[in-house]
Amino acid sequence: MGPKLDGPIPLRFNGATFGLVGCKFMAKKQKNNQISVSFHLLVKQLPNEEDPRHPVEVPFSQQDFSRLLARLRDDEQINVRDPEVIKRIKLGIDLPFSNFQEPDIGLYFGNFEGAYYGQKYRNNVHGEISAESLNLRSFCYLVTFLRDGTILLGVTYNGQFGDYEGIRRCFSHILRGNHVVSSRTIRSLATELGAGDPIAIKVTYRRAGGRPERRSLFGRTGDIAIRNAEFGEGFGEYVRDIANRARGDVEARRRVIADILNDSEMIQVDDNEVVGCTAIVRENKRTRTVYILGENNFATKFPLDVNVNADGVPDYDQVRTQVTHVMRQYVIPLLN
C-alpha cells in the first residue's frame, strides 16, 4: 500500500500542523517558490433528455483511462518550435509531458509543462517577449482511477503559478467522446480554517416566495451574522462543526447549514433558502474569508514543504512523496 514513509514531519499551514512526511525543513522561501497541490475530480456526463439541466453521470471505462495513460507514458518530447504543436497547445489539445512514473499500483505521477502566452512582457536577459511567444513552466501531476469511475487529478503550484486549466483541457480532449468531461474542485474547509480564530460567520438566505407564514423578522432576503462576542464560549467549535459537516455537493452543504442554524434557534430556514455561508477568521493580526458555501469555487491548495533549488525547481522525489500522502491522508476521506 504505497511507498514506505520515514515518519511524520509537521507541516505548518496558516498556523495549523499537518503530519506530512519525508521532507527536510529549509530556510524561509520566497513566496513564488512555495509549492502546493490541489485536487480535482474529472466526471463523465451524458445528456439528460428528461432534465437537460442535470446531466446523467456515468463511470469512465478502464479503456478511457488507459487512453489517458498511453499519452502520459509517451515521454517523447514534442517540438514546441513547430507551429502546429504550438497551435495544439494553445487549443488545449496537447501539453509536454515527461518523467512518467507509477509509484504505487494505480497511482501515476509525472511532470507537465503549463503554457503561458497572450501578454507581452520584458525580460532583462532576452528583452521583449511577444504576446504570441509560448512560455512553459514545469509542474507535477498525480492521477488515479477511482472505483466509482471518476478520475482524481492532483496538480502542483509554484507560488501563484499553476496550470490546472491547461491540463484539464488536455485530459478532456484525450477522454473525448459522445459525452462531456466535467471538472469538480475538491475543498478541505478544515485546512482552509487552519488554526485561525473564527470571529464571525455570515449566512445569506433568500426565502421562497410562496411561504405561507407572516413576513419574517429578518425579511425575505438578507444576511445574518453570528459573531463570537455575541455567541460566547465555544464559537470556534461551532464554526468548525459547520465546516466539518458541510461536505458533498451544494444541496448537501445547504442542508447541513440549515439544520445547524435551525438547531441554534437563530433563524428558521429551509435547505433551498441558504444562498451562501462564509466564516471570517483572524490569524496573525489579519482577517481572511473562508467560503463554506457560495462564491469560491477554487480548490484547496495543500502546502508542501519541499526543497527548492536555485532555479526554483522543487525536489521531484519529495514532491511525489508528499502529494501522494496528501491524497491519502486528506483528500480521499473527503470523497467518502
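Using label points projected 7 Å from each Cα along Cα→Cβ, tell me how many nm separate Val275 and Asp82, to one decimal.
Label at Val275, label at Asp82, 5.2 nm between them.
Place the peptides 98-108, 124-134 in order of packing, highest mean first, counting for every residue the other Cβ atoms within 10 Å and averaging per peptide.
Highest to lowest by the protection proxy: 98-108, 124-134.
If the limit is 27 Å between Cα atoms, which of Lys202/Lys301; Lys120/Lys285; Lys120/Lys301 go over it?
Lys120/Lys285; Lys120/Lys301
Where a number appears in this text, it was derived from the coordinates with a stated rule and is not lab data. Computed from a predicted structure; not experimentally measured. Positions of Cβ are backbone-derived with ideal geometry, glycine not excepted, and every protein chain shown enters the neighbour counts.
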